[in-house]
Structures are given as structure tokens and as C-alpha cells.
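Each remark here refers to the structure printed beneath this line.
The values are calculated or read from the model by the stated rules, or taken from the named source; none is laboratory data. Here the structure is a predicted model, which is why all the values come from computation and not from measurement. Glycine also receives a Cβ, built like all others from the backbone with ideal geometry; neighbour counts cover every protein chain displayed.
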Amino acid sequence: MRIELATEPGDPGRPNEDYASVALPASGKGGTLVLLDGVTPPADDYGCLHSVPWFTARLGGVLGELSGSRRDLGLREVLAEAIARTAEAHRPTCDLSHSRTPQATVVLVRWDEERVEHLVLSDSALLMEAADGTVRAVLDERLATLPPQIDRLRAAVRALPDGSLERAAAAREYVAGVEALRNAEGGFFTAAADPDVARRAVCGTRPRAEVRSVAALTDGAARWVERFGAGTWTECVALLRKAGPQELIDRVRALESGTGPGPSTPRGKVHDDAAAVFAEL
């Protein structure tokens, strides 16, 4: 078995809000993979005394522990229990009802000798490579398929000059529109303080013999495919196998800086925290 992971902050002056871990039991007959992408709040006032890295480390640690020690629980149950435990750790001091209370996207994979289970919540990506080399991207599409009015608001922002007051006002309207759909019916869901969100996760199971490898990417690493179009998901897995997760992140950084081959830097956040895990089973 081969396992590699890498993560890098988007800004060296800020803490990395991504989290990645892999655990292998002493029996050597299975394992678990956890990947989280912390959601950066738009302002310092988000109802919590704790940082996003505190939240992702806490939630990630509980997910790793439960997915390994409680094999009687399905992954949705593991996620629900992990969210509940993490919420209780800071409920006495923090406003967990705040819409931007610390939260994260989730990728969770668990395998043994017979099967590979997976869970994806929000816009991190899971790539599952079959024994014949076919790659399937397991994605939670809800953030990318918001109602049409969100597309119109986004287009209005992009049509206005950079730095203008009009663009700033349009951007605020767009952000407010997206925020109204966070953890709401008809919108998209992240792991925050409500365990019930676990039932919204994309889940599945495949026979172990049918899975050659799995790869988990936060959206900062998935940019290589999703924003820059530098390759397909299949080519992304091939790159991870040949050169490893750090090479993928390095290529993303080169594209973001305009020094790598491919399209120019897209509008939006120039650099984002990036994490990638590759496990060849």
C-alpha cells in the first residue's frame, strides 16, 4: 500500500484551514482517510471564540477516531456523531447558531478487506480509480448548481470594473445571496454544528477488489482540473501516482501565478489553501 499527502496554505502569513489525515490499524487490514476544507468566514465576528483551524483539527480528529474504532457505524452516522462531539466542545462559549460558525467540507473514506466506503459533503473532491484504470469523480454538486439568480448575480459582479464601488456593491449582493443558501433547503451544505447535515452527504460503497486507488482533494488542489482545465480527473490521478500530491499543488501554484502552462489566473481568490491525499490500495 502506498499513501502520500501534502497540504499548503494559500497565504504563508495565514494558518492553513485544510486538514488531511490517514490512519491504518495495527492489523493492517484496512484504513481511513479524512480530508476537510475549512470555510473562511468573511469577517472576524462569526460568533465563535475558536479559529477555523481549531475546528477542522477537532472535527478531523474525531472523524478519524470514530471511522476507525466504530466500524458498526455507517459513515453518515460517523459524521453526525463527530459534528455533535465537536459542537459540544465549544457550545458553552460560542454562538453555534451563527450562519458562519466554523464549518468545513468533508471527504471521508474507509476500507477493509471487503469494501471501500466513501462520503463527500460540499465541494471537495474524491477520485476513485477502478482496477481497469477508469476514474470516477465523486462530487457533491450542490454548490455548483445553485439557483439561476446566483449565476446572474455572479455575472453582474464580473461585468463591472475591478476596484469600482459598483463592483463592490454587486459583490456584497452576490455573497449575501450565496450565504442565504448555506445549509438551507435548495442550497448547499457543510459540516458545522448541526449533526443532521450528515444525511445530506453523498455516500456509497464499492467492493475492495474493484478499487485500485482513491484520491481526495480540497478545492484549492482540485483547481488544476476544475478552474484551470490543465487536465482531466483521470490525468490528475495519473499525476498523483507518478509525481505525488506536492507536485499537483506546485502545478496549481504555478498556474495561479501565471508561470505555468495553461489559462491565465481566473478571477476570485488567487491562492487558496490546498490539500491532496493519494492512497493506492
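Structure summary
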read-out	value
Qualifying residue in the range 180-187 (condition: at positive phi, surrounded by fewer than 18 Cβ atoms within 10 Å (Cβ to Cβ), at pLDDT below 95 and out of contact with any Ser or Thr (no Cβ under 9 Å at 6 or more places or on another chain))	yes
Verdict on residue 201 being touching a residue at least 12 places away in the same chain (Cβ under 8 Å) and buried (at least 18 other Cβ atoms within 10 Å of the Cβ)	yes
Residue match in the range 25-38 (condition: touching a strand residue (DSSP E or B) at 6+ places or on another chain (Cβ under 7 Å), of a type in the set (Gly, Ala, Ser), crowded, with 20+ Cβ neighbours inside 10 Å and in a strand (DSSP E or B))	yes
Residue 62 under 22 Å from the mean Cα position of the chain (by Cα) and either under 23 Å from residue 184 (Cβ atoms) or not in a helix (DSSP H, G or I) (or both)	no
Residue under evaluation residue 130, criteria (1) surrounded by fewer than 16 Cβ atoms within 10 Å (Cβ to Cβ); (2) within 30 Å of residue 68 (Cα to Cα); (3) of a type in the set (A, V, I, L, M); (4) within 17 Å of the chain's Cα centre (by Cα), criterion not met	(4)
Every residue from the range 25-78 that is among the polar types (S, T, N, Q) and closer than 18 Å to residue 106 by Cα	32, 40, 51, 56, 67
Of all residues making up the range 212-236, the number that are in contact with a strand residue (DSSP E or B) (Cβ under 6 Å, 6 or more places away or on another chain) and either under 15 Å from residue 124 (Cα atoms) or modelled with pLDDT under 95 (or both)	9
Qualifying positions in the range 203-251 - in contact with a His (Cβ under 8 Å, 6 or more places away or on another chain) and of a type in the set (Val, Ile, Thr)	205, 214
Odd one out for residue 221 among (1) free of Cβ contacts under 8 Å to residues at least 60 places away in the same chain; (2) assigned by TED's automatic domain parsing to the domain that holds residue 107; (3) surrounded by fewer than 21 Cβ atoms within 10 Å (Cβ to Cβ)	(3)
Test: residue in the range 4-22 that is among the hydrophobic types (A, V, I, L, M, F, W, C) and surrounded by fewer than 16 Cβ atoms within 10 Å (Cβ to Cβ)	no
Test: residue in the range 143-162 that is under 18 Å from the mean Cα position of the chain (by Cα) and either at pLDDT 95 or above or surrounded by 15 or more Cβ atoms within 10 Å (Cβ to Cβ) (or both)	yes
Residue within the range 46-60 that is of a type in the set (Ser, Thr, Tyr) and either without any contact (Cβ under 8 Å) to a residue 24 or more places away in the chain or not assigned by TED's automatic domain parsing to the domain that holds residue 113 (or both) present	no
Test: residue in the range 194-206 that is modelled with pLDDT of 90 or more, more than 24 Å from residue 97 (Cβ to Cβ) and more than 18 Å from the chain's Cα centre (by Cα)	yes
Pairs with Cβ under 8 Å, 6+ apart, first in the range 136-152 and among the β-branched types (Val, Ile, Thr), second modelled with pLDDT under 95	150/174; 150/177; 150/178; 150/181
